[in-house]
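Inspection log for the structure reproduced underneath, given as structure tokens.
The values are calculated or read from the model by the stated rules, or taken from the named source; none is laboratory data. Note that the coordinates shown come from a computational prediction; the quantities given were computed from them, not determined experimentally. Glycine gets a Cβ as well: all are built from the backbone with ideal geometry, and neighbour counts include every protein chain shown.
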Amino acid sequence: MDSASRNMDYALKLAQRLFTEAPFYFLSWPVVAMLAGTILRYLVGRRVEWLGIVPRTGRGILGVATAPFVHDNFSHFLANLPPFVVLGALVLRRGGHAFVETAVVLLLLSGGMVWAMGRKGVHVGMSGVIFGFLGYLLGMAWVTKELWDLLIAVLVLLVYGGMLAGIKPARNGTSWEGHLFGLIAGVAKLWIDYR
């Protein structure tokens, strides 16, 4: 077997593992959905906005479930990809069921708050879930006071603490509401789990 065949065989096995084995598929399939939503945005342009959250409108409520998978452009997608994978993996260490439950609650709660209280416009992107993961992981250290949770919180603050600046009101088109409500949703999910 030549090196090209070996490399192809390795790549196929890696792809199979990423998309068919736990815990990897808990992160890989949402990433594929995010990529597909970003490509869809390029293919159909502004018509994809019906998949975003449009606050206080009937059509905009659908976006609570779909907006995280749509991004304005590849820069937006690439900005959300690393924190989604890294913070998601840290939440995933609690198990697949806990990860899915947490991600769904964060998606619905942060998206619901954006729909109910966000400013006019179309809100898209995975930021609400990402900020939810951030709030959940930081709060976990406070609640459990276990060494691993404390170490993870310190690491998360060092690497992603700058994200917290994203919760202040901005006029540049960024959905700071999604950031803020995501953070609140993460703390709320933690409160639900440990009340």
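Remarks
- Top-ranked residue in the range 62-111 [being small (Gly, Ala, Ser), within 14 Å of MET126 (Cβ to Cβ) and out of contact with any strand residue (DSSP E or B) (no Cβ under 8 Å at 6 or more places or on another chain); ranked as surrounded by the most Cβ atoms within 10 Å (Cβ to Cβ)]: SER110
- Cβ-Cβ contacts under 8 Å between residues 6 or more apart (or on different chains), taken from a first residue in the range 5-21 that is touching a residue at least 60 places away in the same chain (Cβ under 8 Å) and charged (D, E, K, R) to a second residue that is exposed (fewer than 10 other Cβ atoms within 10 Å of the Cβ) and in a helix (DSSP H, G or I), are absent.
- Just one of the listed residues (LYS168, LYS145) is without any contact (Cβ under 8 Å) to a residue 60 or more places away in the chain, surrounded by fewer than 18 Cβ atoms within 10 Å (Cβ to Cβ), among the basic types (Lys, Arg) and closer than 19 Å to ARG94 by Cβ, namely LYS145.
- Among residues of the range 15-35 being part of a loop (DSSP other than H, G, I, E, B) and not acidic (Asp, Glu), the one that is farthest from the chain's Cα centre (by Cα) is ALA22.
- Of the listed requirements (1) in contact (Cβ under 8 Å) with a residue 24 or more places away in the chain; (2) touching a helix residue (DSSP H, G or I) at 6+ places or on another chain (Cβ under 8 Å); (3) more than 14 Å from ALA67 (Cα to Cα), MET113 misses just one: (3).
- Of residues in the range 118-146 being in a loop (DSSP other than H, G, I, E, B) and farther than 24 Å from PRO55 by Cα, the one modelled with the lowest pLDDT: LYS145
- Checking the stated criteria, TRP115 turns out to be buried (at least 16 other Cβ atoms within 10 Å of the Cβ), of a type outside the set (Asp, Glu) and touching a strand residue (DSSP E or B) at 6+ places or on another chain (Cβ under 8 Å).
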